[in-house]
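Only the coordinates and a few stated rules stand behind these numbers; no lab work does. Please read these numbers as outputs of a predicted model, since none were measured by experiment. Note: ideal-geometry Cβ built from the backbone for every residue, glycine included; neighbour counts use all protein chains shown.
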Amino acid sequence: MSSSPSAANLLALLRRNAASPAVALRLFLHLSSAASPPPPRSTSFLARLLAAQPAAGTLLPRLLRHVRSFPDPSPHLLALLYCSDVLPLRLALPAFRSLRALASVPPPPTPVYNRLILAALRESRLDLVEALYKDLLLAGAEPDVFTRNLLLQALCDAGRMELAQRVFDAMPARNDFSFGILARGYCRAGRSFDALKVLDRMPSINLVVCNTVVAGFCREGQVEEAERLVERMRSQGLTPNVVTFNARISALCKAGRVLDAYRIFKDMQEEWQQGLPRPNQVTFDVMLSGFCDAGYVDEARVLVDIMRCGGFLRRVESYNRWLAGLVRNGRIGEAQELLREMAHEGIQPNSYTYNIIVSGLCKEGKAFDVRRVEDFIRSGVMTPDVVTYTSLLHAYCSKGNTAAANRVLDEMAQKGCAPNSFTYNVLLQSLWRAGRITEAESLLERMSEKGYSLDTAICNIIIDGLCRNSRLDVAMGIVDGMWQEGSVALGRLGNSFLSVASDSSNRQRCLPDRITYSILISALCKEGRFDEAKKKLLEMIVKDISPDSVIYDTFIHGYCKHGKTSLAVKVLRDMDKKGCNPSTRTYNLLIRGFEEKHKSDEIIKLMSEMKDKGISPNVMTYNSLIKSFCERGMVNKAMPLLDEMLQNEIVPNITSFHLLIKAFCKIADFPSAQMVFDAALRTCGQKEMLFCLMCTEVSTYGRWIEAKNTLELALEMRISIQSFPYKQIIAGLCEAGEVDHAHSLLKLLIAKGYTFDPAAFMPVADALTNKGKKQDADMLSEKMMEMADFNDGLATDSGKITPGSQRHEHAKNGQSDWRALLHRDDSARTIMKITKRVRTGWGQRGNVYEHKQQQNDDFYVLENTG
């Protein structure tokens with residue numbers, strides 16, 4: 001049937017009205033009908049025009065209903081399907097089903113299937129990819145290389161590597177993309193040696209695939225294998241490019257091997273004229289993130305200066321990396337200074353910039369900081385988005401404050417900021433982990449009302465919550481049911497869950513995956529139910545879900561926790577047989593098991609095996625060996641391990657030094673302990689934890705002068721003494737007859753502006769009184785009362801003590817008690833008896849405070865240092 005003149009000119013009219021898609025749709029509906037269908041090109045043009053509009057969800061269904069009314073809708077349905085690259089999958093699928101329902105119309109050609117499969121892959125609908133591929137075969141269409149590559153990609157994304165390998169082997173024709181997809185899938189599954197086998201089968205070596213495998217080896221700690229592949233590339237005339245080097249640097253940084261990454265980066269800087277690629281923007285950004293993630297803030301600062309001079313610090317993305325590093329390492333003041341620098345340089349902060357600060361402060365876990373973040377959000381400096389609110393919600397959930405988290409959700413609704421699935425999942429996971437199942441049910445119903453359907457991620461949260469709340473058998477039953485019923489299997493938890501999970505359109509999306517089985521196997525191993533855990537492992541393999549190194553690590557960790565190290569070793573050997581390469585973490589878990597049994601010889605054997613396989617030990621590996629030696633009293637063998645770590649470019653951490661300090665103090669070798677402490681300060685920086693542990697260890701063995709000297713050094717550096725045993729040190733000095741040292745320590749605390757527990761004054765006041773130094777005792781009395789009054793003021797909500805209150809009367813009575821106490825010559829036991837009520841009023845609250853103004857920090861920090 002020929003088109004009418006108005007229909008023939010329809011395409012031109014649509015083009016003229018392209019700026020008003022709703023008008024274009026009305027023209028299409030008015031000028032086309034069953035008696036006068038438009039050209040399919042008009043349908044395709046209009047579909048693409050509508051798909052780009054925010055209201056596509058309402059406009060496109062009207063178009064689909066209209067073309068279905070044509071006597072022969074097949075050309076128009078095909079035209080819509082050719083637009084699958086821009087159409088939402090939920091709108092393309094009805095058009096596909098309508099076309100397949102037409103009995104007299106041949107099935108769509110392969111390119112149409114390819115577009116639909118690609119759309120399903122983009123939306124992670126891996127089940128739909130398989131269904132469309134099977135329909136293509138049943139329809140008698142011939143899949144081409146692109147079709148098979150898409151199927152291969154879906155299988156790799158699902159971790160079904162054995163089936164992916166079979167599909168690859170059965171492909172009648174392959175291209176470089178086929179090899180690259182399979183190699184990338186193996187690398188993502190932690191099986192880079194299998195990826196190397198794929199590379200070996202390529203007719204000619206490919207730079208992109210080589211870069212993928214190099215990065216895979218680096219992520220798994222197989223640096224030697226990565227270097228061998230790079231040398232192979234060079235020998236075959238393939239020059240590694242900057243992408244190759246960036247992949248190596250990025251992977252090494254993610255694996256915690258920042259010094260190895262920096263060595264490569266430095267070679268690129270210094271030897272680019274000798275054939276190495278020159279660092280680019282990505283190289284600098286990756287290296288900066290590596291330094292920041294590892295806590296090497298000083299090294300990162302030097303790199304930032306180099307970037308600034310070289311013109312590599314001109315993008316907001318680079319500033320955001322440095323900002324994130326500062327916030328993550330507690331340098332809030334420097335982060336604010338960096339924001340001011342961005343403004344001065346004309347770099348406009350984006351929402352991610354502010355979210356870095358919000359997220360970083362929330363992750364510090366201090367309730368005071370969370371309130372401070374809320375004030376920052378509402379100050380008008382930034383416009384909070386869903387990421388901002390989710391960070392705040394996560395902070396409250398991590399502290400178990402679900403009431404505040406729900407308040408954040410309500411505020412989002414008031415501000416018109418719609419929560420996404422991740423936002424709800426954060427709260428849902430918090431409720432399940434806290435065992436608040438009724439509230440979790442209510443949240444699921446709320447999510448259902450908002451249009452969020454259940455998927456595998458939500459099912460995994462529920463299964464994890466059941467396992468954590470001692471309902472492992474129920475969780476296993478649900479997983480078994482998910483294979484037949486999908487999300488409907490959750491109905492076993494009650495009718496409320498059944499009503500949420502009854503959406504049949506999403507049942508097939510809720511199939512168990514590798515994470516599901518990982519949760520179950522971990523829970524079974526924790527309970528020592530290893531036979532059932534092994535059955536679940538076999539079930540995974542039967543269901544074509546490849547177990548990865550994390551699954552095997554779970555078994556190793558479980559066996560070691562239950563003292564079955566011999567079975568853990570068998571799991572390690574089984575990994576080798578199955579082609580699943582063990583990682584540094586795998587060996588560390590096994591080494592930790594032998595550490596608990598004090599088997600240093602076995603640890604040494606495993607470390608030697610790691611080196612033979614090209615798996616580099618990290619600081620945790622060495623710490624296990626150091627601990628094993630120290631606990632056996634073999635500190636002389638533990639000490640040389642520090643030098644060995646440095647020779648292998650592994651930086652010892654605070655735990656490494658703590659183990660040695662503790663061991664030396666235990667054998668009363670305090671000079672050696674001091675030497676290790678000095679080395680720790682040079683290596684790790686002058687951190688609060690180091691000073692605290694040194695004070696604690698020497699105090700344990702009554703070395704009060706050494707403890708005092710360390711504490712005084714910390715005070716001079718304005719380090720918070722929140723966790724320090726300062727009261728024990730003062731009391732110990734007095735008991736040892738070193739009252740002058742105790743008195744000088746008190747005076748230094750006061751001079752440096754620290755406000756601490758008034759109880760610390762009492763042993764000094766007692767000792768001074770006994771020595772007849774009543775004037776000094778009186779001065780301490782006055783200072784003690786001032787500090788006590790100040791602490792009482794901080795403890796009240798208003799900061800003031802109202803006359804007549806119980807607290808006020810207690811303070812007044814307490815003051816007279818202290819004055820009477822300091823002019824008595826009674827023994828310390830009598831004094832403690834008299835002041836028992838006063839100590840209860842001051843000491844039990846635990847509110848010991850220190851005021852500290854952080855450099856370049858606009859916030860006033862009030863730290864609990866008791």
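What aspartates and glutamates sit close enough to Lys613 to cross-link, taking a C-alpha to C-alpha distance under 16 Å and skipping anything fewer than 8 places away on the same chain?
Within the straight-line cut-off, Lys613 pairs with Asp194, Glu220, Glu224, Glu225, Glu227, Asp574, Asp576.
Take peptides 342-355, 579-592 and line them up by average Cβ neighbours within 10 Å, highest first, as a rough protection proxy.
Numbers: 342-355: 14.8, 579-592: 22.4.
My ranking of the peptides, most packed first, is 579-592, 342-355.
Provide the FRET efficiency to the nearest 0.05 for the Ile205-Asn9 pair, computing r from the beta carbons and using R0 = 56 Å. Don't jump to the answer; show the numbers that get you there.
Values: r = 56 Å, r/R0 = 1.00.
After rounding, the FRET efficiency stands at 0.50.
Would you kindly compute the Cα radius of gyration of region 313-358 and its largest Cα-Cα separation (Dmax), both in Å?
9.3, 26
What is the sum of charges around Tyr319, taking Lys and Arg as +1, Asp and Glu as -1, for the other residues whose C-beta is under 11 Å from the C-beta of Tyr319? Walk me through the intermediate numbers first.
Details: positive: Arg308, Arg314, Arg315, Arg321; negative: Asp285, Glu317, Glu341, Glu345.
Neighbourhood net charge equals 0.
How large is the direction-averaged shadow of the alpha-carbon convex hull of region 598-664, in nm²?
Details: hull surface 16.2 nm².
Reported value for the Cα convex hull: 4.1 nm².
Report, in whole Å, the centroid distance computed from the Cα atoms of region 526-579 and region 231-247.
Each part's Cα centre sits 37 Å from the other's.
Within 10 Å, count the other beta carbons around each residue, average over each peptide in 712-719, 475-482, and list them highest first. Let's see the in-between values first.
On the way: 712-719: 15.8, 475-482: 19.0.
Order by mean packing, descending: 475-482, 712-719.
What aspartates and glutamates could a cross-link reach from Lys627, if we take a straight Cα to Cα line under 18 Å and drop same-chain neighbours fewer than 8 places away?
Glu595, Glu596, Asp601, Glu602, Asp643, Glu644, Asp669, Glu697
Kindly rank 80-90, 598-608 from highest to lowest mean number of other beta carbons found within 10 Å of each residue. Mind dumping the intermediate values first?
Details: 80-90: 19.5, 598-608: 16.4.
The most tightly packed comes first, giving 80-90, 598-608.
What FRET efficiency comes out for Leu138 versus Val105 if R0 is 25 angstrom and r is the Cβ-Cβ distance? Round to the nearest 0.05.
Working: r = 15 Å, r/R0 = 0.62.
Efficiency, rounded to the nearest 0.05: 0.95.
Each residue of region 70-85 in order: what ³J(HN,Hα) in whole Hz does its phi give by Karplus 6.51 cos²θ - 1.76 cosθ + 1.60, θ = phi - 60°, with x for Gly and Pro?
6, x, 10, x, 4, x, 6, 5, 5, 4, 5, 5, 5, 9, 4, 5
Calculate how large, on average over all directions, the projected area of the Cα convex hull of region 382-424 is; give the answer in nm² to one decimal. Walk me through the numbers before you get to the answer.
Details: hull surface 11.0 nm².
With the hull built on Cα positions only, its mean projection is 2.7 nm².
Among the aspartates and glutamates, select those whose C-alpha is under 14 Å from the C-alpha of Lys536, and discard any that sit fewer than 8 residues away in the same chain.
Once the sequence-local aspartates and glutamates are set aside, what remains near Lys536 is Asp473, Asp480, Asp513, Asp544, Asp548.
Once you keep just the Cα pairs under 8 angstrom separated by 6 or more residues, what percentage relative contact order results for region 157-312?
Details: 158 pairs, mean separation 22.9, N = 156.
That works out to 15 percent.
From the cross-link list Lys399/Lys526; Lys727/Lys783; Lys747/Lys783; Lys254/Lys611; Lys134/Lys578, which pairs have alpha carbons spaced over 18 Å apart? Working shown, then result.
Details: Lys399/Lys526 25 Å; Lys727/Lys783 16 Å; Lys747/Lys783 10 Å; Lys254/Lys611 20 Å; Lys134/Lys578 30 Å.
The pairs that break the limit, which is 18 Å between Cα atoms, are Lys399/Lys526; Lys254/Lys611; Lys134/Lys578.
If you place +1 on the Cβ of every Lys and Arg and -1 on the Cβ of every Asp and Glu, how big does the dipole about the Cα centre of region 266-323 come out, in debye to the nearest 20? Spell out each step's value before the answer.
Numbers: 7 positive and 9 negative charges, 57 e Å.
My answer is approximately 280 debye.
Rounded, prolate or oblate: pick one for region 136-207, where a ≥ b ≥ c are the square roots of the eigenvalues of its C-alpha gyration tensor, a/c under 1.5 means rounded, and failing that, prolate if a/b is larger than b/c, else oblate. Before the final figure, lay out the partial values.
On the way: a/c = 2.43, a/b = 1.47, b/c = 1.65.
Oblate.
For q = 0.10, 0.17 Å⁻¹, what log10 I(q)/I(0) does region 456-615 give under the Debye formula with an equal point scatterer on each alpha carbon and no solvent?
Values returned for q = 0.10, 0.17 Å⁻¹ are -0.43, -0.95.
Computed FRET efficiency, Cβ-Cβ of Asp85 and Asp576, R0 60 Å: what is it to the nearest 0.05?
Plugging the Cβ-Cβ distance into 1/(1 + (r/R0)^6) gives 0.85.
Once the other residues with Cβ under 9 Å from the Cβ of Trp704 are scored (Lys, Arg +1; Asp, Glu -1), what is the net sum?
-1
Can you check what the net charge comes to around Arg26, using other residues whose Cβ is under 14 Å from the Cβ of Arg26 (Lys, Arg +1; Asp, Glu -1)? If you can, show how the numbers build up before the last one.
Working: positive: Arg16, Arg62; negative: none.
Overall, the nearby charge balance is +2.
Can you compute the charge dipole magnitude of region 671-780 about its Cα centre, using +1 on each Lys and Arg Cβ and -1 on each Asp and Glu Cβ, nothing else charged? Give it in debye, rounded to the nearest 20.
Details: 11 positive and 13 negative charges, 34 e Å.
Charge dipole, region 671-780, about its Cα centre: 160 debye, nearest 20.
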